Every structure is written in C-alpha cells, then in structure tokens.
Amino acid sequence: MSDLEEAAAAFARRQLQAAESEATRNAEAERAEQQDAALLRERAREFFVFAHGHGASLMRRYDAHASRHSVGDYRYTRTGEMCVAAAAFSRIGTRGLGWAVTSDGKIYQGASACQRGDVRNAWRKGIRDNVFVAVDTHRHQKYGHSSYTRMNPAFVAAAAALLTPVSVSPHFPKVVTGVQPDGSIGYMV
C-alpha cells in the first residue's frame with residue numbers, strides 16, 4: 001500500500017469515527033430533550049391537579065391575536081382547553097404575563113388571566129366567558145419553548161404560594177400570593 005493510500009485510509013477512518021461520534025451525540029441530545037419534555041409534561045399535569053385542588057380556577061383558554069390595524073387591540077379565539085394560570089409578582093406588587101397549564105401537561109407562555117368586563121367590546125371580540133386565560137399567540141410562538149429546568153422553579157413557587165400565601169411587599173400588605181380574585185395564582189420567585 002502506498003503512502004497516499006495509507007493516508008487516505010486513515011483520513012477515511014477519522015471521518016467515519018467523527019460521523020459516528022456526532023450521530024451518538026445527536027442521539028443522546030435528542031433523548032435528553034425527550035426526557036426533559038416528558039418530565040416537564042408530567043410536572044405540568046401534577047401542578048394542574050395540585051393547583052385546582054387548592055382553589056385555583058379552571059379557565060377557558062382564548063388565543064389572543066394582535067390587530068394589524070390598532071396597537072394593543074386583540075381579537076380572541078375561544079378554544080376547548082381549560083387551564084390554570086399563574087404569574088409572578090414584581091417587587092412592587094404587580095403581575096405581568098405569566099403562563100398557563102392544561103390537564104394534559106401543555107404549557108402556554110405569554111398567558112394572563114382576564115375578566116370579560118376588563119376587555120372593551122368583549123362580546124364583539126369573541127369573548128364568551130366571564131373569566132378566561134388569554135394567550136398572546138405571537139409571544140407564545142416566540143417564547144413558548146419551556147424546559148423543566150426553567151419551569152420547575154415556577155411550579156414550586158406557585159405551589160408554595162397556594163400552600164402559604166404571603167404579603168408581596170411591606171409597602172403593599174394587602175397584596176398577597178396565592179389564589180387571586182380572578183382565580184389565577186400569584187407567586188413570588
């Protein structure tokens with residue numbers, strides 16, 4: 001065998017080994033991702049049952065579609081899914097967008113509990129329920145990927161708020177964690 005043939009054979013072996021190693025890494029990463037997703041779904045299902053059992057309301061999910069013509073204006077599509085919703089309090093006692101989970105473990109980011117009376121022209125915009133979860137479809141598509149590592153602390157904090165509600169801030173003693181007047185869960189992280 002000539003030097004060229006030996007060098008070519010060695011090069012081919014290294015390429016094959018590199019391809020096999022990459023395939024193994026990809027398979028392991030995919031397996032880890034599937035395990036994370038299964039663990040996350042299971043924790044979400046567990047949280048749904050726990051939250052509803054501790055007083056959080058079941059709310060119908062609506063997809064909120066931003067209007068192309070008016071900033072801050074949404075149209076709503078009613079879905080068949082029932083959710084529990086949660087959002088973290090800020091240090092000044094306000095809650096922003098949160099998340100919602102369904103009984104089968106789906107998680108929706110960019111969700112907020114709403115009351116029909118707070119939405120101008122609610123009936124015309126498609127809202128039929130008095131209390132509901134609105135999921136900003138654009139935000140959910142952009143930020144909707146959740147991982148167990150990211151969501152588990154939120155599940156734990158929200159569950160703790162249900163077990164032992166506490167004041168959010170000494171400056172706002174009446175604002176407490178736990179089940180909120182709209183039936184969603186407010187928690188501190």
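The values are calculated or read from the model by the stated rules, or taken from the named source; none is laboratory data. The model shown is predicted, which means the values in this text are computed figures rather than measured ones. Virtual Cβ from ideal backbone geometry, glycine too; neighbours counted across all protein chains shown. Side chains are part of the model used for accessible areas, which takes the heavy atoms of the whole protein and leaves out ligands, DNA and RNA. Shrake-Rupley method; radii C 1.70, N 1.55, O 1.52, S 1.80 Å.
A few comments on the model shown:
- Residue within the range 48-58 that is touching a Ser or Thr at 6+ places or on another chain (Cβ under 8 Å) and more than 20 Å from residue 163 (Cα to Cα) present: no
- Among residues that are surrounded by 16 or more Cβ atoms within 10 Å (Cβ to Cβ), touching a Leu at 6+ places or on another chain (Cβ under 7 Å) and touching a residue at least 24 places away in the same chain (Cβ under 8 Å), residue 185 is included.
- Hey, residue 124 part of a strand (DSSP E or B), over 30 Å from residue 147 (Cβ atoms), modelled with pLDDT under 90 and open to solvent by 30 Å² or more (accessible area, probe 1.4 Å) or not: no
- Residue 132 vs. criteria aromatic (Phe, Trp, Tyr) and at pLDDT 85 or above: yes
- For residue 109: the one exception among (1) within 11 Å of the chain's Cα centre (by Cα); (2) under 16 Å from residue 52 (Cα atoms); (3) open to solvent by 10 Å² or more (accessible area, probe 1.4 Å): (2)
- Residues of the range 158-182 that are buried (at least 17 other Cβ atoms within 10 Å of the Cβ) and either within 21 Å of the chain's Cα centre (by Cα) or modelled with pLDDT of 95 or more (or both): 158, 159, 161, 162, 177, 178, 179, 180, 182.
Residue-by-condition table, conditions (1) touching a Gly at 6+ places or on another chain (Cβ under 7 Å); (2) over 30 Å from residue 115 (Cα atoms); (3) surrounded by 12 or more Cβ atoms within 10 Å (Cβ to Cβ); (4) without any contact (Cβ under 8 Å) to a residue 40 or more places away in the chain:
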| site | (1), (2), (3), (4) |
| --- | --- |
| 14 | no, yes, no, yes |
| 29 | no, yes, no, yes |
| 36 | no, yes, yes, no |
| 51 | no, no, yes, no |
| 54 | no, no, yes, no |
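- Taken residue by residue, the range 58-67 has at least one member that is open to solvent by less than 60 Å² (accessible area, probe 1.4 Å) and of a type in the set (A, V, I, L, M, F, W, C).
- Taken as a whole, the structure leaves residue 135 outside the set of residues that are outside any loop (DSSP other than H, G, I, E, B), of a type in the set (Val, Ile, Thr) and farther than 29 Å from residue 37 by Cβ.
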